[in-house]
Amino acid sequence: DQQVKQNSPSLSVQEGRISILNCDYTNSMFDYFLWYKKYPAEGPTFLISISSIKDKNEDGRFTVFLNKSAKHLSLHIVPSQPGDSAVYFCAASAEGNQFYFGTGTSLTVIP
Amino acid sequence: NAGVTQTPKFRVLKTGQSMTLLCAQDMNHEYMYWYRQDPGMGLRLIHYSVGEGTTAKGEVPDGYNVSRLKKQNFLLGLESAAPSQTSVYFCASQWTIYNEQFFGPGTRLTVL
């Protein structure tokens, strides 16, 4: 049973526009969330995190929003750049160590 | 500072053969993890370790064993490989809880 879901397998966005990637989870005990970016034939690279005591965290062009009541988080990338084209995974944990990953969303930024 | 490295990068096995995947980290991290990634499944946790000499089961541990004899190394073993174990295996390390995990480049394993 998938505890973390990314229901959009792919997303295409024009360069300079906003990319919004979504993630839903089912376990109300999850209290720490991560977003990773993955290029083909490479390991995932950490992007940004958020704990359940916050509802927003920003790092440069990347912002993560957490809606605990809806069990939903989203990653906003503004402005989107061609180099952002990759697969994005969200991950969630209840104790800050064992993470459950979503199935990923493939983002394509069109120049 | 190499971060997290994995050996080998690619491997082809026949059903029933055994092998060991090596993960090494030079960041003095306490926690280490083994994941597998299959198409449409995301990353799934196989086993993990919260410190030298410790191991614990993750989400999909069957058919795998692990050892953490040294803090910097985490080994994943397949005693009798099966085609269902064809996957890309990722190792990760984490300094402490509620921190990000750092991933290695992956090992692509094919079991015929």
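The values are calculated or read from the model by the stated rules, or taken from the named source; none is laboratory data. This is a predicted model, so every value here is computed, not measured. Here Cβ is always computed from backbone atoms with ideal geometry, including for glycine, and neighbour counts include all displayed protein chains. The area values use the complete protein model at the heavy-atom level, side chains included, leaving out ligands, DNA and RNA. Shrake-Rupley method; radii C 1.70, N 1.55, O 1.52, S 1.80 Å.
The residue pairs whose first member lies in the stretch B:2-14 and is over 17 Å from B:Q25 (Cβ atoms), whose second member is modelled with pLDDT of 95 or more and open to solvent by 60 Å² or more (accessible area, probe 1.4 Å), and whose beta carbons are closer than 6 Å, counting only pairs six or more residues apart or on different chains, are B:F10/B:R108; B:K14/B:L112.
Against the numbered list (1) over 10 Å from the mean Cα position of the chain (by Cα); (2) open to solvent by 10 Å² or more (accessible area, probe 1.4 Å); (3) within 19 Å of A:Y32 (Cβ to Cβ); (4) not hydrophobic (A, V, I, L, M, F, W, C), B:Y48 comes up short only at (1). Looking across the stretch B:55-68 at every residue that is within 21 Å of A:A92 (Cβ to Cβ) and of a type outside the set (A, V, I, L, M, F, W, C), the one that is farthest from the other protein chains (Cβ to nearest Cβ) is identified as B:P61.
Looking only at the stretch B:12-28, filter to residues that are more than 22 Å from B:Y48 (Cα to Cα) and in contact with a strand residue (DSSP E or B) (Cβ under 7 Å, 6 or more places away or on another chain); which one of those is least open to solvent (accessible area, probe 1.4 Å)?
Taking the stretch B:12-28 first, the residues more than 22 Å from B:Y48 (Cα to Cα) are B:12-17.
Narrowing the set further to residues that are in contact with a strand residue (DSSP E or B) (Cβ under 7 Å, 6 or more places away or on another chain) leaves B:12-13, B:15.
On the way: B:V12: 92, B:L13: 2, B:T15: 84 Å².
Ranking the qualifying residues of the stretch B:12-28, first place goes to B:L13.
I'd like the full set of residues that are exposed (fewer than 15 other Cβ atoms within 10 Å of the Cβ) and over 15 Å from A:N97 (Cα atoms), limited to the stretch A:30-60. Scanning the stretch A:30-60 gives A:Y39, A:P40, A:A41, A:E42, A:T45, A:I53, A:K54, A:D55, A:K56, A:E58, A:D59, A:G60.
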